[in-house]
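Since every read-out is calculated from the coordinates, none of them should be taken as a lab result. Every value quoted in this text rests on a predicted model; they were computed, and no experiment measured them. Here the Cβ positions follow ideal geometry from the backbone for every residue, glycine too, while neighbour counts run over all protein chains shown.
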Amino acid sequence: MNWAQLVITVVTVASILGVLTLALNMQYGHAGMINFGLVAYFAAGAYTYVLFTQPPPTSSLDQYLIGLDLPVWVGFLGAGLAGLVFAAITGWPTLRLRGEYFALTTFAFAEVFHSFIVNEQRFANGTRGMVGLERPLRDQITFMDYNLFFAAAALLFLVIVYLIFERIVRSPYGRALEALRDDELALTTVGKQSSRFRLEVFLFTAPFAAMAGAFYIWYTTLALPEIFTAEVTFVVWIALILGGEGSNRGALVGIFLVVLFEELVRAIPFTTIRAAQVAASLEVVALGLLLIIFLRWQPFANLTRVRRRTTG
């Protein structure tokens with residue numbers, strides 16, 4: 001087993017999904033919004049980045065219509081803008097709902113978007129997707145291993161998002177969000193508009209989730225519908241529950257643990273395809289058992305309690 005490569009992979013993937021986990025923690029851990037459609041914003045950013053940065057179709061096999069061939073930084077900003085626009089479109093009907101109704105509606109929107117990218121060939125080649133995408137600055141980064149550079153870039157992005165979110169949750173605005181989570185009626189009685197807070201959090205977190213999608217495209221060099229499924233949302237939810245909702249530090253601990261576990265399973269050498277398939281199935285079962293164990297003993301619950309004492 002190549003331990004150095006394993007560490008780089010864990011840091012890279014956990015940093016990208018860590019941004020999603022922080023966004024979910026802001027929505028659920030602080031504002032009490034149960035979003036089961038987070039992967040849709042992740043995918044919207046990823047596909048927008050691809051369509052902004054890829055050249056127009058040149059092969060008869062390519063059926064996508066739009067390829068703007070713009071610089072990487074434009075694609076990255078475009079991904080964030082796409083997440084914001086998609087959140088504005090989906091937020092109008094969903095934010096009227098509460099609890100499990102909100103959760104089911106966000107999940108439905110994510111499934112609709114996934115169905116769209118699967119069936120609409122003119123958007124991004126449908127099920128064929130787009131493969132072999134260029135990794136930015138690959139030719140310019142000669143002073144160090146590119147994978148190490150990319151891991152550092154993803155980690156830096158995560159740190160920046162973490163600091164932004166921490167600043168917010170430690171502010172009076174963050175305490176208002178926790179009041180929204182704990183007692184929306186009480187927040188309303190003191191003259192605060194709960195609907196405005198919910199909309200602001202929803203719109204604020206979506207661009208970060210979408211920009212994480214652009215990072216994921218840089219990492220995988222693939223834009224395939226099967227990458228952006230509900231499994232991404234559930235992995236992020238498991239990570240948040242493991243680390244402790246309401247704590248940004250706990251959210252990051254959770255996602256790094258989940259990604260480390262998944263990569264360790266994938267690093268096991270299997271002699272047959274059947275064994276690899278069984279291991280992939282057992283990985284999901286093991287994650288579920290891990291979740292139950294952590295819910296029972298909550299080893300990282302103190303992270304949440306410490307944060308609440310410092311902000312309360």
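Data table
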quantity	calculated
Whole-angstrom gap from the stretch 42-102 to the stretch 170-200, using each part's C-alpha centre	30
Under-5 Å amide H pairs with PHE36, H placed in peptide plane, nonlocal only	THR106, PHE107
Hz values of 3J(HN,Hα) by residue in the stretch 130-145 - Karplus curve (6.51, -1.76, 1.60), Gly and Pro given as x	10, 10, x, 6, 6, 8, x, 6, 4, 7, 7, 8, 10, 8, 7, 4
Selection from THR127, ALA82, PRO269, by position along the positive dipole direction of the chain (Cβ)	ALA82
Residue of ALA110, ALA46, ALA286 that the Gaussian network model of the chain assigns the largest fluctuation, springs spanning Cα pairs under 10 Å	ALA286
Mean Cβ neighbour count within 10 Å, used as a protection proxy, ranking 6-12, 93-99, 25-31 highest first	25-31, 6-12, 93-99
The chain: Rg to Rh, with Rh as the Kirkwood radius over Cα pairs	0.97
Distance between modelled label sites at THR127 and TYR101, nm, 7 Å Cα→Cβ extension	3.7
For the stretch 230-262 versus the stretch 125-140, the gap between their alpha-carbon centres in whole angstrom	28
Segment GLU283-GLN140, extension gain: residue separation times 0.36 nm, minus the distance between their alpha carbons	47.7 nm
Nearest-20 debye value, the chain charge dipole, Cβ charges on Lys, Arg, Asp, Glu	900
Mean Cα-pair separation over length for the stretch 3-229, i.e. relative contact order, pairs under 8 Å, 6 or more apart, %	40
Rh by Kirkwood over Cα pairs, then Stokes-Einstein D for the stretch 137-216 at 0.890 mPa s and 25 °C, µm²/s	161
Helix runs (DSSP H) in the chain reaching 27 Å along axis by Cα, Kyte-Doolittle at least 1.0	3-24, 72-94, 146-169, 248-267, 273-297
Radius of gyration and maximum dimension Dmax of the stretch 1-153, Cα, Å	17.8, 52
The chain, helix-only ellipticity at 222 nm - DSSP H runs n ≥ 4, -39,500 (n - 2.57), divided by all residues, nearest 500	-24000 deg cm²/dmol
Viscosity 1.567 mPa s, temperature 4 °C, Stokes-Einstein D of the stretch 1-75 from Kirkwood C-alpha radius, µm²/s	85
For the chain, the longest site-free run once GluC sites (Glu not before Pro) in DSSP loop states with at most 16 other Cβ atoms within 10 Å are removed	135-312
